[in-house]
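Enquirer: I have a structure here, written as structure tokens, and I will follow up with some questions on it.
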Protein chains: 2
Amino acid sequence: MHTVKEAAQITGLTEHAIRFYTDKGLVPTVQRSEHNVRLFDEQSINWLFGVRCLKQSGMPIEAIKTYVDLCLQGDSTVPERSAMMKKHGEEARLQLEEAKRHVAHLEEKMLLYEEILAGKTPDTTNPATWERMRYMHGDVFYASTVLQEK
Amino acid sequence: MHTVKEAAQITGLTEHAIRFYTDKGLVPTVQRSEHNVRLFDEQSINWLFGVRCLKQSGMPIEAIKTYVDLCLQGDSTVPERSAMMKKHGEEARLQLEEAKRHVAHLEEKMLLYEEILAGKTPDTTNPATWERMRYMHGDVFYASTVLQEK
DNA sequence: GCTTGCCTTCGTGTAACACGAAGGATTTAA
DNA sequence: TTAAATCCTTCGTGTTACACGAAGGCAAGC
């Protein structure tokens with residue numbers, strides 16, 4: 001049995017957030033001690049991880065609440081729950097793709113900065129470089145050429 | 001030259017957000033027409049993409065503002081900008097890893113739901129299944145066994 | 001008996017917009 | 001020529017998911 005503080009350490013959530021979640025009913029398995037202290041068993045910790053996963057992948061609290069309530073209604077709601085996860089999983093996958101693109105962009109940007117720092121000023125007469133900078137959103141281009149031209 | 005509406009269509013941002021960004025000075029290349037209409041050339045569009053990338057990968061607006069201001073100060077700030085991108089890129093990569101895990105979790109969950117829907121009730125006497133359900137945060141476990149045991 | 005740790009409620013603050021309304025200017029189409 | 005569409009501005013409120021602090025109280029350990 002874990003206290004809020006321990007649960008926070010285990011899940012990486014803050015104590016504030018955990019109290020918030022339990023108060024909203026997102027962790028139905030959580031118990032209270034005789035002195036009203038929240039007690040998390042392994043299953044409650046798992047629920048916390050589940051809530052964390054759903055939330056961090058972009059599901060609003062209200063939707064998570066809906067999902068949890070469906071869980072509590074038993075197996076009859078399995079089709080509905082299945083549909084929810086299918087839909088949300090799709091969304092999460094799209095976000096993942098975007099995140100990959102963002103990381104790629106940031107890495108390109110870093111690379112170019114490294115080149116500049118190494119003294120290799122990018123060849124702005126080369127259309128390929130221009131394209132690359134366009135891909136990089138223009139700021140390096142802007143700072144290292146446009147301003148200098150003025 | 002694009003108007004706010006067009007820029008919104010191109011970048012996938014809302015007009016509200018674009019006005020918000022330009023007002024905050026995150027798109028230094030944006031111009032105004034003689035009648036005060038925001039005009040976005042290709043470079044401004046690129047900046048919008050850049051801001052979108054940074055924001056969506058978790059950088060707060062204020063930090064983006066700082067970065068943009070550094071860009072405007074010219075090549076002398078390249079080391080600092082490079083460091084910022086390095087640091088933020090690292091963070092974005094961590095988030096990407098988390099996102100992957102979340103998608104994996106959701107896919108596992110979906111798979112189990114599919115199995116249940118197909119009539120294959122998970123074997124709860126098998127420790128491996130138990131482990132798998134733990135990985136899935138317990139809600140299927142909870143709904144399909146614990147409640148029934150009562 | 002004092003510190004520590006948990007609880008509660010209350011209240012305010014934050015980010016990054018979303019949304020609508022009012023009021024004004026301009027461009028375009030019928 | 002007039003009506004509709006599109007742009008602008010400022011103002012103000014609402015939203016989400018907490019963060020943070022304070023006050024006040026109970027309970028356990030040293």
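The values are calculated or read from the model by the stated rules, or taken from the named source; none is laboratory data. Here the structure is a predicted model, which is why all the values come from computation and not from measurement. Backbone-built Cβ (ideal geometry, glycine too); neighbour counts: all protein chains shown. Areas reflect the complete protein model, heavy atoms only, side chains present, ligands, DNA and RNA absent. Shrake-Rupley method; radii C 1.70, N 1.55, O 1.52, S 1.80 Å.
Enquirer: Using the 7 Å Cα-to-Cβ label point, sort the distances from B:Lys65 to its equivalents in the other copies shortest first and give them in nm to one decimal.
Expert: Copy-to-copy label distances at B:Lys65, shortest first: 3.3 nm.
Enquirer: Put a point 7 Å out from Cα along the line to Cβ at A:Gln9; what are the distances to that point in the other copies, in nm, shortest first?
Expert: 5.7
Enquirer: Find the accessible area per residue for the stretch A:1-72; the probe is 1.4 Å, ligands and nucleic acids are left out, and the unit is Å².
Expert: In whole numbers, the stretch A:1-72 has 49 Å² accessible per residue.
Enquirer: I've got another one for you. Counting only residues 5 or more places away or on other chains, whose amide H sits under 5 Å from the amide H of A:His2 once H atoms are built in the peptide plane?
Expert: HN-HN under 5 Å from A:His2: A:Phe40, A:Asp41.
Enquirer: On to the next question. Net charge within 12 Å of B:Ala17 by Cβ-Cβ distance, Lys/Arg positive one each and Asp/Glu negative one each, not counting B:Ala17 itself?
Expert: +2
Enquirer: Separate question: In cubic angstrom, how much convex hull volume per residue do the alpha carbon atoms of the stretch A:1-72 span?
Expert: 79
Enquirer: With +1 on the Cβ of every Lys and Arg and -1 on the Cβ of every Asp and Glu, and nothing else charged, how large is the dipole of the stretch A:1-72 about its Cα centre, in debye rounded to the nearest 20?
Expert: Charge dipole, the stretch A:1-72, about its Cα centre: 180 debye, nearest 20.
Enquirer: Heavy-atom accessible area of B:Phe40 with all protein chains present, probe 1.4 Å, nearest 10 Å²?
Expert: Around 0 Å² of this residue is reachable by solvent.
Enquirer: What does the copy distance list look like for B:Gln95, label position 7 Å along Cα→Cβ, in nm and ordered from shortest?
Expert: 1.0
Enquirer: A further question follows. Sort B:Arg19, B:Arg38, A:Arg81 by accessible area with a 1.4 Å probe, largest first.
Expert: Descending accessible area places them as B:Arg19, B:Arg38, A:Arg81.
Enquirer: Would you mind checking A:Lys55/B:Lys55; A:Lys55/A:Lys86; A:Lys55/B:Lys109; A:Lys65/B:Lys55 for any pair whose Cα atoms are more than 22 angstrom apart?
Expert: Exceeds cut-off: A:Lys65/B:Lys55.
Enquirer: Another one. Average partner chain C-beta neighbours within 10 Å, per residue of A:9-17?
Expert: 0
Enquirer: Over both sides of the A-B contact, add up the buried accessible area with a 1.4 Å probe and give it to the nearest 100 Å².
Expert: Interface area, both chains combined: 4800 Å², rounded to the nearest 100.
Enquirer: Tell me, for the rotation carrying B onto A, which chain B residue has the beta-carbon closest to the axis and what that distance is in whole Å.
Expert: Closest Cβ to the B-to-A rotation axis, residue and whole-Å distance: B:Ala99, 3.
Enquirer: Okay, moving on. What accessible surface, in Å², does a 1.4 Å probe find on B:Cys53, ignoring ligands, DNA and RNA and rounding to the nearest 10?
Expert: Result for B:Cys53: roughly 0 Å² accessible.
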